[in-house]
1. Does B:Thr388 meet the test of being within 14 Å of chain A (Cβ to nearest Cβ) and of a type in the set (Val, Ile, Thr)?
2. Looking only at segment A:368-393, filter to residues that are open to solvent by 30 Å² or more (accessible area, probe 1.4 Å) and touching a strand residue (DSSP E or B) at 6+ places or on another chain (Cβ under 9 Å); which one of those is farthest from A:Thr438 (Cα to Cα)?
3. With away from every other protein chain (no Cβ under 14 Å) and modelled with pLDDT under 95 as the only criterion, which of A:Gly415, A:Gly394 stands out?
4. Determine, yes or no, whether A:Asp301 is in a helix (DSSP H, G or I), charged (D, E, K, R) and buried (at least 20 other Cβ atoms within 10 Å of the Cβ).
5. So which pairs qualify, if the first residue must be in segment B:325-337 and in a strand (DSSP E or B), the second must be hydroxyl-bearing (Ser, Thr, Tyr) and at pLDDT 95 or above, the Cβ gap must be under 7 Å, and the two must be at least 6 apart or on different chains?
6. So B:Ser118 fits all but one of (1) under 16 Å from B:Ala230 (Cα atoms); (2) in contact with a Pro (Cβ under 8 Å, 6 or more places away or on another chain); (3) within 14 Å of another protein chain (Cβ to nearest Cβ); what number is the exception?
7. Open to solvent by less than 20 Å² (accessible area, probe 1.4 Å) and over 14 Å from A:Gly199 (Cα atoms): does that describe A:Glu67?
8. Looking only at segment A:121-148, count every residue that is within 14 Å of chain B (Cβ to nearest Cβ), open to solvent by 30 Å² or more (accessible area, probe 1.4 Å) and assigned to a strand (DSSP E or B) and tell me the total.
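The values are calculated or read from the model by the stated rules, or taken from the named source; none is laboratory data. Since we're looking at a predicted model, the values are computed, not measured. Here Cβ is always computed from backbone atoms with ideal geometry, including for glycine, and neighbour counts include all displayed protein chains. Ligands, DNA and RNA are excluded from the accessible area calculation, which covers all protein heavy atoms including side chains. Shrake-Rupley method; radii C 1.70, N 1.55, O 1.52, S 1.80 Å.
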Protein chains: 2
Amino acid sequence: MQANKLRRTVLMSFIASLPLLSMGASVHAQDHAKLFSEKELQTAAWLRDTAKLDSSSYRILESLTTEVGPRMAGSAGDARAVAWAEAKFKELGFDKVWKEPVTFPTWTRGVETAEIISPFAQPLVITALGGSVGTAPEGLRAELIQFATLAEMIKAPADQIRGKIVFINHKMRNHTEYGSVGAGRFVGAAEAAKKGAIGLVIRSIGTDSHRMPHTGMTGYEDGVTKIPAAAMSNSDADMVSNMFKRKLPVSLKMTLGSAAGPNYTSYNVIGEITGTEKPDEHVIIGGHLDSWDLGTGAIDDGAGCAISMAAAEMIKRHGIKPKRSIRVVLFANEEQSGAGANAYFEKYKNQISKIQATSEADSGQGPVIRMASFVRPDAYAAVKQMQTVMAPLGVEAGGSDSGGGSDMGELRNLGVASFDLDLRGDDYFDLHHTPDDTFDKIEPARINQAAAAYAVFAWMAAQAPVNFSFGKEPFKKHDGDH
Amino acid sequence: MQANKLRRTVLMSFIASLPLLSMGASVHAQDHAKLFSEKELQTAAWLRDTAKLDSSSYRILESLTTEVGPRMAGSAGDARAVAWAEAKFKELGFDKVWKEPVTFPTWTRGVETAEIISPFAQPLVITALGGSVGTAPEGLRAELIQFATLAEMIKAPADQIRGKIVFINHKMRNHTEYGSVGAGRFVGAAEAAKKGAIGLVIRSIGTDSHRMPHTGMTGYEDGVTKIPAAAMSNSDADMVSNMFKRKLPVSLKMTLGSAAGPNYTSYNVIGEITGTEKPDEHVIIGGHLDSWDLGTGAIDDGAGCAISMAAAEMIKRHGIKPKRSIRVVLFANEEQSGAGANAYFEKYKNQISKIQATSEADSGQGPVIRMASFVRPDAYAAVKQMQTVMAPLGVEAGGSDSGGGSDMGELRNLGVASFDLDLRGDDYFDLHHTPDDTFDKIEPARINQAAAAYAVFAWMAAQAPVNFSFGKEPFKKHDGDH
């Protein structure tokens, strides 16, 4: 990052030093119409500098984590969170507040214990993976077979695995490995079951060295036996690794009380600041309101909810009205199924021409370090202006590769403009999906910066002199850094 | 520390630059007899440099935490630890290995859950304080009354407290505050009960910001009602603090299954390297073999056991035989009552003339940052030589204020020489008494340095040309830095 930043700074200084070239002098009147005015740029800069010193996001997150706490999809906390969100949107002065039902199957955690039986009896600290079936009440006892990675396990002959509990002991070294190391959690239970394993236990998908197991969903496959699946903390995995080094058989007992439950109806909760000129067109920002049950969901994704609520609230409070509306969507049940995002997509997929742009916040407390986009080519110039306004916050100009995120990716794939405001992730997976995801980890300067970046994004996108989305036009991936 | 170190370095350079003064030239023949020889100093320096690069302590601690793990006094792990220690002493080549029985009452933990009932329902992560009585099986429900410190609670009128659960919310900012902030744990339950409280819950006595509660003993008083006592993690305490800021009544439900149990006989386990000239005189080093049950007791006090076992083992392995014996004592049940130390004291209090010096290791993984002593005045010169040998390890020369530690303080009070080899403590209370006290926190360079310092201490004290202890002579505290 630092190298890129330096290169960009040097490049920008060089460009600023150039004399006005013919290319620069030949800007069409039409191109000017697609740029923000000087006054708009000044307003955005004022918003940026004011918002950066405003603790609105920090206060909102303190409220959510204190007054609601854990809010796993389908739990009593889920209902409390929906009530909290509606009330908070109203308290913050949003022009419109409503909720839209989302129905999904539930899952409950229950008891979760494990111990090494031999060669050395030791209790383990584990947690069930989301969606896991339970064990028999008396638990599951079997030999543990260790693999360094999911790939190693898939390569191994089934007769080595049959009747055993698979242990995928793959250490996540840094936050960029969530996709690759996380595969052991995402599909490990199904892949192990195909080889006859009777249970799965993984090293937690997390970058910390604390005795906190990381939960998160595991997936089963139709036609494949569903086996109980859990994660042990990194500290426990280190200890079990030491046992394996002794070349003695290792046996585990694991008891999980987790189970599927009946359907439940929760809600996407939505607050809107109404635009002055095109109120039915809107920019969407947001995060997911549900959390896992182990912590209070401060970074995942209370932070994203607070950042997006505060971004819109500060715009409203300061009376700097945008032309289009700003819609904050707090999605239901992202963690277990993305049911909230799916419901939103189904409801609005035929009205995408009304969506100017989206950006979701679901990677922690910030700061925002980079902004990438996915917009119509004739909006590039305006996006560059947005990036210039954000630069003093330390936000790098990113490319045209915005993917839309976990809750808004499907809209983007229909041609809705999307922006990735990348939140700093180096410590996110220390806390992610653990009991340690609590408010005391939040640093005001980080989350305030993130809310300021989102405020600038939301206001400028809503105010923009040009449509960002591809709308119903055919579109294709465009290359190059713009 | 850095300032002291700098001052000492400057002072030593200054002294080295002085011409030989008459004072220096007038050293008596008798004084020379109380100094280590040049050859002994060279041997000690060789041991220091060799031991610093030796991972014996790290390997011993890996063995204890992997093969035994938690070993709370009176538990099944206690018996496994005793068997491990005897076998390990023999494996390491100690000349004599034996154990001495220690009988004490037991305590069991059982279930431990708590939740805030109002104003906002939230589960808490708590742990029972050692020795706590349990609640009724259905739990204890009452209003929580918050105090900033134990002193504030003691000052408050009883009618504010009667029938409530006291919450001492005193944050330990750094490791020097264990005595002061820890008072809330040591005597909080008894003091709260005197005012009619029906339960105690404290903010954990620890310097971390993780969702890990810290256990540790609480004490009751004869004639005062025993009330259930627990600690919540610092993260939970921050959250509950936020609830209290709303000026609404806060109610707690807490269920503890802890209970006193029958007497149990464990053992002090002892290994000795026999001295060549005065085998019945000995230097004692050691730590305590028991741990709390939540972690694997890596830093408390597996590290102390490993450091002292390795220190003696390296001396034996390298064949540098000391004149007096080196005795490594692994004490039973330090955590709950000091029963092991008491038994040792009772057994040996009439033979203290045989004890050349003691030093116990019970403050984590090192490094050793300072060595203070408590010795006969005519041993000062030899102790200064020991400090000079240790200086290249980064060990500062301390004063004459050694207190003898938790397990050997009573011997010191009878006139046995004691040495404090101070282990770096700044991160010790991040892990102390939590599930996070595990081997993955151990850094080889730190524990190896500590074992090297203990090896130098043990060998030089055993080899010393002068008796260190006051023996049966009357003694008094002597002043000044020597």
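1. On the way: within 14 Å of chain A (Cβ to nearest Cβ): no; of a type in the set (Val, Ile, Thr): yes.
The answer is no for B:Thr388.
2. Residues of segment A:368-393 that are open to solvent by 30 Å² or more (accessible area, probe 1.4 Å), as a first pass: A:369-370, A:376-378, A:380-381, A:384-385, A:388, A:391-392.
Those left that are additionally touching a strand residue (DSSP E or B) at 6+ places or on another chain (Cβ under 9 Å): A:369-370, A:380, A:384, A:388, A:391.
Working: A:Ile369: 23, A:Arg370: 25, A:Tyr380: 39, A:Lys384: 36, A:Thr388: 34, A:Ala391: 30 Å.
Only one residue tops the list, namely A:Tyr380.
3. Only one candidate passes the filter, namely A:Gly415.
4. On the way: in a helix (DSSP H, G or I): yes; charged (D, E, K, R): yes; buried (at least 20 other Cβ atoms within 10 Å of the Cβ): yes.
When the stated conditions are applied, A:Asp301 passes them.
5. From residues that are in a strand (DSSP E or B), the pairs are B:Ser325/B:Thr274; B:Val328/B:Ser308; B:Val329/B:Tyr344; B:Phe331/B:Tyr344.
6. B:Ser118 satisfies every listed condition except (1).
7. Numbers: open to solvent by less than 20 Å² (accessible area, probe 1.4 Å): no; over 14 Å from A:Gly199 (Cα atoms): yes.
So A:Glu67 fails the test.
8. Filtering segment A:121-148 for residues within 14 Å of chain B (Cβ to nearest Cβ) gives A:121-127.
Now narrow it down to the ones that are open to solvent by 30 Å² or more (accessible area, probe 1.4 Å): A:121, A:123, A:125.
With the extra rule that they be assigned to a strand (DSSP E or B), the set shrinks to A:123.
Selection size over segment A:121-148: 1.
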